[in-house]
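First the structure, in the form of structure tokens, and then the observations on it.
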Amino acid sequence: MEDVDVKPTSARTRLSRRSEEQEQLAQRVIRAVQLATGGRIHKIEVEVLDTSIRLRGFCATFHCNQLAQTAAMEVAGELHVDNQIVVW
């Protein structure tokens, strides 16, 4: 039987790498939403989860809300976009 040198990847390393990727994706979504809406989403928050991206914030029109969702969907790829932006 051969000796095999295996270096296990720690959960912390995997999580931090994943968290960094999630943060980068969140920032790309924020930039896309701001560009698409002309900055009209107030207090925008983007949370990247395992299978979805959650949008939060406030805007004045449903049209602006839809622009934000469309922009997020273009960046999200196959991830579901959960649009929780409130129109007020």
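So the values come out like this:
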read-out: Whole-Hz ³J(HN,Hα) from phi, Karplus 6.51 cos²θ - 1.76 cosθ + 1.60, for the range 72-88, glycine and proline x; value: 5, 5, 5, 7, 5, x, 8, 6, 6, 9, 9, 8, 10, 5, 8, 8, 10
read-out: Phi to ³J(HN,Hα) by Karplus 6.51 cos²θ - 1.76 cosθ + 1.60 over the range 38-50, Hz, x for Gly, Pro; value: x, x, 8, 8, 8, 6, 5, 10, 10, 10, 9, 10, 4
read-out: Environment charge of ALA71, counting only residues whose C-beta is closer than 13 Å and scoring Lys/Arg +1, Asp/Glu -1; value: +2
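Computed from the coordinates by the stated procedures, all read-outs in this text should not be read as laboratory data. If you're wondering where the values come from, they're calculated on a predicted model, not measured in any experiment. For neighbour counting, all protein chains shown are included, and Cβ atoms are generated from backbone atoms with ideal geometry for every residue, glycine included.
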